[in-house]
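Okay, structure first, notes after.
The values are calculated or read from the model by the stated rules, or taken from the named source; none is laboratory data. Predicted, not measured: the structure shown is a model, and the values here were computed from it. Virtual Cβ from ideal backbone geometry, glycine too; neighbours counted across all protein chains shown. Accessible surface areas use protein heavy atoms only, side chains included; no ligands, DNA or RNA. Shrake-Rupley method; radii C 1.70, N 1.55, O 1.52, S 1.80 Å.
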Amino acid sequence: MNSDDVQRRLARQVEMIRDTADGPTYNVIVRMRRRDEEEDAIINTISAAFHRRRLSISARDFLPVLRADRPAAPQRGRRGGRASNGVAFRTDPDNRQSLAAEVAAVIDPRGALSTVAGLRAESLKALDPLMRSDAVREARAAVSATREGSADPIPFWTSSSAMIPVRGEDLQRIITSVPGIEDIYPNRQLFVPPVAVPRKVPEAIEDNKASSWGIRRIGALAAWGGYGARGKGVLVGLLDTGVDPNHPDLKGKIAHWAEFDANGVQVPGSTPRDSDRHGTHCAGTIVGGNTSGRWIGVAPEARLAAALVLDGKTGGTDAQVLAGIDWAVNRGVDVISLSLGAFVLGPTTPNTYTRAILSAMRVGIPVVAAIGNEGSQTSGSPGSDYFAFAVGATDQNDLAAGFSGGRTQIIQTSSYFPAESLPLLYSKPEISAPGVAVWSSVPGGGWEHFNGTSMATPHVAGAIALLLSATAIKKEPPGDRAFLIQDLLTGSSEELGEAGQNHRYGFGRLDILRAIGFAKELGYG
């Protein structure tokens with residue numbers, strides 16, 4: 001996209017922000033261009049791969065291929081070739097490689113941009129012209145004179161963006177005077193996702209005495225016994241309403257804690273707490289124990305890096321979530337779980353989170369996000385983002401929950417994707433998981449059944465913890481590790497609904513027992 005096109009697009013975004021602003025001053029998120037040929041190669045590769053995925057009718061097509069340097073476990077009846085030792089292995093005769101294989105071909109696994117420190121340094125360098133600009137300095141002074149509180153710009157390195165308080169008249173001056181601006185967005189208000197407590201829990205759910213029904217349905221109980229893996233050594237990033245650290249099922253499992261305000265500034269001196277019930281419930285599904293008499297956590301030996309980015313009364317903002325993603329990546333988490341978002345009217349998703357999610361994936365961290373609770377043909381951001389690993393909800397009969405979102409999304413104009421690939425259509429969610437009458441922890445030492453895609457998402461985050469603790473995938477190069485994990489989960493899912501990826505189930509319902517089995521068979525054990 002040439003500079004004139006960029007300026008026209010930015011001018012339209014500025015007009016939209018001004019039209020929807022509810023006061024004379026407001027906060028915007030400005031994203032800067034980062035000179036990053038590797039990111040361009042990844043995006044071009046994945047957009048081409050997604051075009052092919054739209055025509056596939058089987059999730060199994062996207063299982064990872066056998067790495068040439070990995071010994072594979074014996075296989076029977078699988079399509080593919082045969083090694084010299086007589087062991088069969090999956091090949092790729094249709095040239096439809098897994099995302100991990102395609103991404104691995106275009107990145108430098110030993111390059112600086114495959115490390116957190118290297119990627120962070122490059123992003124902060126891209127932000128420097130914005131943070132030092134006279135236009136931003138003048139906007140800060142003008143806002144400081146009209147309202148209380150800090151008007152300092154706040155940088156977010158994973159997205160190469162910054163939250164900037166402005167007046168309406170400041171916006172045009174900033175986008176015309178600061179070189180390298182790619183996008184500008186409102187700092188949207190996010191609310192705690194709505195969940196429901198079912199009035200009557202089906203007998204088929206209550207009959208599960210050993211664990212929450214979802215733990216059994218996705219194969220987690222069997223994975224514990226079959227592979228001796230319960231998430232040990234894995235750190236899960238949970239960005240939510242906080243967590244009750246004194247709940248008997250969560251004690252000792254909060255490895256890191258942070259709280260962020262509406263501007264994305266970390267609150268000094270904060271100690272772990274839950275401003276609602278939502279975060280504690282999600283935490284229980286990821287790492288909870290069995291104090292209630294039933295196991296509630298998919299990966300009870302994993303630990304959490306938990307951040308409060310949503311207040312139970314006031315909600316949160318995009319800036320809080322972007323700050324939380326920065327913090328989680330800095331803490332070295334293995335997966336980020338986002339049971340949050342804002343409803344998006346229409347199929348076009350804002351790019352607010354695209355680079356942050358991709359940056360996490362480039363250093364080996366998949367970002368799991370709820371698709372939303374507004375029903376079929378709806379979605380929420382960041383779950384609807386191109387790179388988010390979006391999750392829908394199923395019930396005890398493997399039927400899609402009526403509230404679960406999902407639809408075809410569209411990218412019409414973009415500073416990321418090549419013009420020849422636009423408009424770019426893609427489907428959400430990628431996968432589904434138990435999200436109806438899920439039994440988990442709530443603050444104060446209790447337990448309740450909740451409904452929501454928020455409840456499905458931590459099943460997937462916990463399953464990734466199991467996969468990592470049962471295999472050697474954590475030793476894979478960071479640049480393709482997240483894509484490998486997502487290939488394994490989608491490729492091994494229990495296929496439901498329409499053939500291929502669909503709006504209700506994604507590629508299918510999560511099956512972590514099968515995913516671990518495929519991972520070992522393909523040489524990642």
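Some observations on this one:
- Of the candidates Pro434, Pro443, the single residue that is open to solvent by 30 Å² or more (accessible area, probe 1.4 Å), in contact with a helix residue (DSSP H, G or I) (Cβ under 7 Å, 6 or more places away or on another chain), under 24 Å from Arg199 (Cα atoms) and of a type outside the set (Asp, Glu) is Pro443.
- Here Asp170, Asp128, Asp152, Asp183 are screened, and the one residue that is outside any loop (DSSP other than H, G, I, E, B), acidic (Asp, Glu) and either open to solvent by 10 Å² or more (accessible area, probe 1.4 Å) or without any contact (Cβ under 8 Å) to a residue 12 or more places away in the chain (or both) is Asp128.
- Residues that are of a type in the set (D, E, K, R) and surrounded by fewer than 20 Cβ atoms within 10 Å (Cβ to Cβ) were ranked within segment 203-252; the one that is nearest to Pro272 (Cα to Cα) is Lys251.
- Thr413 meets the conditions (1) in a strand (DSSP E or B); (2) surrounded by fewer than 24 Cβ atoms within 10 Å (Cβ to Cβ) in every case but one. The failed one is (1).
Matching residues to (1) modelled with pLDDT of 60 or more; (2) open to solvent by 30 Å² or more (accessible area, probe 1.4 Å):
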site	(1), (2)
Arg78	no, yes
Leu99	yes, no
Leu124	yes, yes
Ser133	yes, no
Ala162	yes, no
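- Count of segment 101-118 residues, restricted to those that are modelled with pLDDT of 95 or more and in contact with a Ser or Thr (Cβ under 7 Å, 6 or more places away or on another chain), is 0.
- The sole residue among Val14, Val30 that is open to solvent by less than 20 Å² (accessible area, probe 1.4 Å), at negative phi, among the hydrophobic types (A, V, I, L, M, F, W, C) and in a helix (DSSP H, G or I) is Val14.
- Of the residues making up segment 301-319, those that are open to solvent by 10 Å² or more (accessible area, probe 1.4 Å) and either closer than 18 Å to His256 by Cβ or among the charged types (D, E, K, R) (or both) are Glu301, Arg303, Asp311, Lys313.
- Qualifying position, being of a type outside the set (D, E, K, R), in a loop (DSSP other than H, G, I, E, B) and surrounded by fewer than 16 Cβ atoms within 10 Å (Cβ to Cβ), among Gly372, Gly402, Gly383: Gly402
- Gln396 being under 18 Å from Leu496 (Cα atoms) and more than 14 Å from the chain's Cα centre (by Cα): yes
- Applying the condition of being without any contact (Cβ under 8 Å) to a residue 60 or more places away in the chain and of a type in the set (Ser, Thr, Tyr) to segment 262-300 and asking which residue is surrounded by the most Cβ atoms within 10 Å (Cβ to Cβ) yields Ser275.
- Of the residues making up segment 288-314, those that are farther than 15 Å from Ser454 by Cα and not in a loop (DSSP other than H, G, I, E, B) are Trp295, Arg303, Leu304, Ala305, Ala306, Ala307, Leu308, Asp311.
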